[in-house]
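In what follows, a structure is listed as structure tokens, so that the remarks can point back to it.
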Amino acid sequence: SNNIDRKGLIDSEKRSASRSILDFNVNPNTLNYDLQYVRLEFDLDPTQQFVSGTMTSHFKMLANSANIYFELAKNLTVSTVKYHGQNLTFEHLTSDEIKINFPAALTAQTTDSLSITYSGVPDSTGAFASFEADTTDDGDPVLATLSEPYGAKGWWPTKQSMNDKIEKMDIKVTTPAEYTVGSNGKLMSETILGNGKKLTYWQTNYPIPAYLFALGISNYTKINSTITTTGSSFPFLNYVYPGFDTPSTRASLAWTATSMQTFEDHFGLYPYRNEKYGHMQFNWGGGMEHATMTSMVNFGQGLIAHELAHQWFGDKLTCGAWNDIWLNEGFATFGEHVTYEKLLMSPSQFQNYLAGQISDITSDPGGSVYVPDSGLSNINRVFDGRLTYAKGAFVLRMIKWKLGDDQFYAMLKAYQNNPAFAYGYVKTPDFRNFLS
Ligand SMILES: [Zn+2]
């Protein structure tokens, strides 16, 4: 279908937001360190709403300090915090923070590490859970996560601030042997352990923010191939519910390679070509652009295009505050436009599509693509389909109209490659100054 399930899409991206959107974009308690490496070792069963894991972090201290804070929901239980083989004392605060005490103050600019072991039942109340063990329409177990924007702490200890990507992650998940585990980065190994269990190991060497790390665990059918674009090849891994392995799904997945080439032509090289691209199916409405492995409810072409465009806009360049979410969503919606114009629609169909968007955007007076602080408490404002998505894309259309296509797409490529933004964060003034 060319018709994206806009409502479902928006629903998915805002799903985990309502509980905690009032949190700060930056937690001041986590400003004294730079999170550099995370190893996550999970023991999970998709038939159980239960998480058990150890998070090992390597971090660089940015100030002399005898304490470090990680964010973790208070309803989970920390059993130990290990530091060079010894147990550290800690407090698990009602603010969903673990305050950890070092034996002596660590020195600024030194790198150190610790491990947090924890377990519990992640919150699944209402529609706003970030970790859900569920079943598919065929009755098969599926465990999926969706952390955007503040749900990561609901199932693993991390720093959620929008100023510190994790440079490298090792993700090791033990499950009953019959399940397949999807996640970020490169698939390093799948090892049958002999006790009815399997260990799946993913590794990513691209910086990602906490909210873009995810898991999908089910009895997936693997539809794997290779995408070759602009003189390079990388794996294309699709983890699909068995009942969705149809000719139509396979045709849509094959089309992903076509849209990948079109985006490379207009945005620059695919940002994660040393690792992979792929999809893992989940039950949330719409899709979520987890870096290198998008979570998808189904495989409509508009949804594939939107989430793929996010790999450039949202994932490689991430909004530096939730006020700037249009830099993710407006650009990804513009990515849909590119595939509609170049691949999926006739010129008159595309003009009709744009006219429909204009009529939606102008159906209410006013409204800024930038979310004012006063709007952050209102989920429907942050992920407003009319402003954040549709009007955000039309801000780009306006710039394209001013610059002309050649200069506009050259600008987008330069924006992607700007070392101040690439694999980091960008805010609206950064984009405005870059344009100027
Ligand atoms: Zn989106």
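Specify the residue that is farthest from PHE282 (Cα to Cα); the eligible residues are those in the stretch 227-246 that are out of contact with any helix residue (DSSP H, G or I) (no Cβ under 9 Å at 6 or more places or on another chain), in a strand (DSSP E or B) and not aromatic (Phe, Trp, Tyr). Across the stretch 227-246, the extreme among qualifying residues is SER232.
Looking at this structure, is ASN274 away from the ligand (no atom under 14 Å from the Cβ) and farther than 30 Å from TYR370 by Cβ?
yes
Filtering the stretch 299-322 to residues that are within 25 Å of VAL240 (Cα to Cα), touching a strand residue (DSSP E or B) at 6+ places or on another chain (Cβ under 8 Å) and either without any contact (Cβ under 8 Å) to a residue 60 or more places away in the chain or away from the ligand (no atom under 14 Å from the Cβ) (or both) leaves PHE299, ILE304, GLU307, LEU308, HIS310, GLN311. Quick check: is even one residue across the stretch 195-211 surrounded by 15 or more Cβ atoms within 10 Å (Cβ to Cβ), part of a loop (DSSP other than H, G, I, E, B) and not assigned by TED's automatic domain parsing to the domain that holds THR175? Among the residues of the stretch 195-211, not one is surrounded by 15 or more Cβ atoms within 10 Å (Cβ to Cβ), part of a loop (DSSP other than H, G, I, E, B) and not assigned by TED's automatic domain parsing to the domain that holds THR175, which makes the answer no. Here the stretch 314-327 is the region considered, the condition is being of a type outside the set (Lys, Arg) and closer than 16 Å to GLU264 by Cβ, and the residue that is surrounded by the most Cβ atoms within 10 Å (Cβ to Cβ) is ASP315. Does THR117 satisfy the condition of being among the β-branched types (Val, Ile, Thr), in a loop (DSSP other than H, G, I, E, B) and under 20 Å from TRP155 (Cβ atoms)? No: the conditions fail for THR117.
Elements of the type helices (runs of 4 or more DSSP H) sitting completely within the stretch 328-420 and holding at least 2 residues that are surrounded by 15 or more Cβ atoms within 10 Å (Cβ to Cβ) and at pLDDT 95 or above: these cover 347-361, 392-403, 405-417.
Residue by residue, here is whether (1) touching a strand residue (DSSP E or B) at 6+ places or on another chain (Cβ under 8 Å); (2) touching a residue at least 60 places away in the same chain (Cβ under 8 Å); (3) closer than 13 Å to HIS310 by Cβ holds:
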residue	(1), (2), (3)
THR200	yes, no, no
PRO207	yes, yes, no
SER218	yes, yes, no
THR228	no, no, no
TYR241	yes, yes, no
SER259	no, yes, yes
GLY285	no, yes, no
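The rows are residues; the columns are (1) assigned to a loop (DSSP other than H, G, I, E, B); (2) β-branched (Val, Ile, Thr); (3) closer than 29 Å to GLU178 by Cα.
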position	(1), (2), (3)
GLN48	yes, no, yes
THR56	no, yes, yes
ALA63	yes, no, no
GLU91	no, no, no
PHE102	no, no, no
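For the residues TYR370, TYR389, TYR425, the requirement of being touching a strand residue (DSSP E or B) at 6+ places or on another chain (Cβ under 9 Å) and not small (Gly, Ala, Ser) singles out TYR425.
The values are calculated or read from the model by the stated rules, or taken from the named source; none is laboratory data. Since the structure is predicted, the reported quantities are computational estimates derived from the model, not experimental observations. Virtual Cβ from ideal backbone geometry, glycine too; neighbours counted across all protein chains shown.
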